[in-house]
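Right, one structure below, let's go through it.
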Amino acid sequence: MTVELLEGKTAIITGAGSGMGKAAAKLFAAQGANVVIADLNKDAADQTAEEIDQVGQVLVVQTDVGDDQSVQNLVGEALTKFDHADVLINCAGVPQFFTPIEEMSISEWDKIMSVNTKSIFLTTRHLVPYMKRKQQGSIINIASIAGIRARPGLNAYCASKGAAIMLTKALALELAPYKIRVNAINPGPAETPMLGKFLPGDEQKVEEDKNKIFLDSVPLGTLIQPEDIAQAALYLASDLAKAVTGEIMNVDGGRGV
Ligand SMILES: NC(=O)c1ccc[n+]([C@@H]2O[C@H](COP(=O)([O-])OP(=O)(O)OC[C@H]3O[C@@H](n4cnc5c(N)ncnc54)[C@H](O)[C@@H]3O)[C@@H](O)[C@H]2O)c1
């Protein structure tokens, strides 16, 4: 007998058009969940939906996670379609080019903070009233090992992820009386379209630097796969983790040690 860990649950996953969010959407659907695919990139979100077999189990909502109206619409559409929402994965994110602090533009700083950090505030504020009424919920924030271990030139990115980690802890305590669990995952350098976007230079230089800067910093000697993050999220979303809240789980090949 196969057990589906998320049978009957509905998960809203931001950034599910690519990388880790996409891997989570596919795994969660395979584990019995209804999945709401929220991404700014509608074509990418539709592509994820197409790759998930289950009929009637998927909803795509084009969403800008940094925009309050857009997030309100996402939560409204999810609840209208599936009548409940048990899991929220805040996975949408943007990278930062290695940039000296004095060259960092204010608009780029604001964008990174908005997509990587403010988004967690926005999705949570719209979904939590519903979760409180149900007295249950699991919120999983995809932060980064860069939120606890800095790299030079990633000033805004590191700050945005450090804030995401602390927000996770604050919300875990605030929402525990309502049986809403809030946890974070810190991926290490991961093999997704994002990784190359931290680095300047042409394709060949980016490939070389990816190995020099990122791969060499992982004690286990391999880049993290999107599926590694999806599996950690599956654990945190499921009842297997019913006693786990406020946890910041490094899935990083030892980079954070
Ligand atoms: N790749 C890595 O090495 C790495 C390491 C640590 C943490 N992370 C974090 O993991 C998460 C997932 O990253 P990934 O590597 O899968 O990246 P990715 O670039 O493959 O996917 C990110 C997705 O977020 C979407 N997105 C961007 N801005 C958005 C917005 N305003 N509204 C809605 N969607 C938006 C993109 O369209 C894309 O589909 C991010 O939060 C990232 O910061 C990544």
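Read the figures in this text as sums done on the coordinates, not as results from a lab. What you see is a predicted model; the values in this text were computed from it and never measured. Glycine gets a Cβ as well: all are built from the backbone with ideal geometry, and neighbour counts include every protein chain shown.
Taking amide H atoms as placed 1.01 Å from N in the peptide plane, the amide H of V251 lies under 5 Å from those of N186, G188, each 5 or more residues away in sequence or on another chain. A simple packing score, the average count of other Cβ atoms within 10 Å per residue, orders the peptides 146-152, 44-50 as 44-50, 146-152, with the highest score first. Out of N155, N211, N73, any idea which swings most in a Gaussian network model of the chain, alpha carbons joined below 10 Å? Greatest mean-square fluctuation among the candidates belongs to N211. Summing charges over all other residues whose Cβ lies under 10 Å from the Cβ of I12, with Lys and Arg as +1 and Asp and Glu as -1, gives -2.
For region 208-257, the alpha-carbon coordinates run over 42, 21, 14 Å along the three principal axes, in decreasing order.
Karplus-based coupling profile of region 236-252, in residue order and whole Hz: 5, 6, 8, 5, 4, 9, 5, 9, 10, 8, x, 7, 10, 9, 7, 10, 9, with θ = phi - 60° in 6.51 cos²θ - 1.76 cosθ + 1.60 and x standing for Gly or Pro. So which of K111/K212; K26/K205; K42/K242; K9/K197 end up more than 30 Å apart by C-alpha? Check vs 30 Å cut-off fails for K26/K205; K42/K242; K9/K197. Computed from the alpha carbon atoms alone, the convex hull of the chain holds 130 Å³ per residue.
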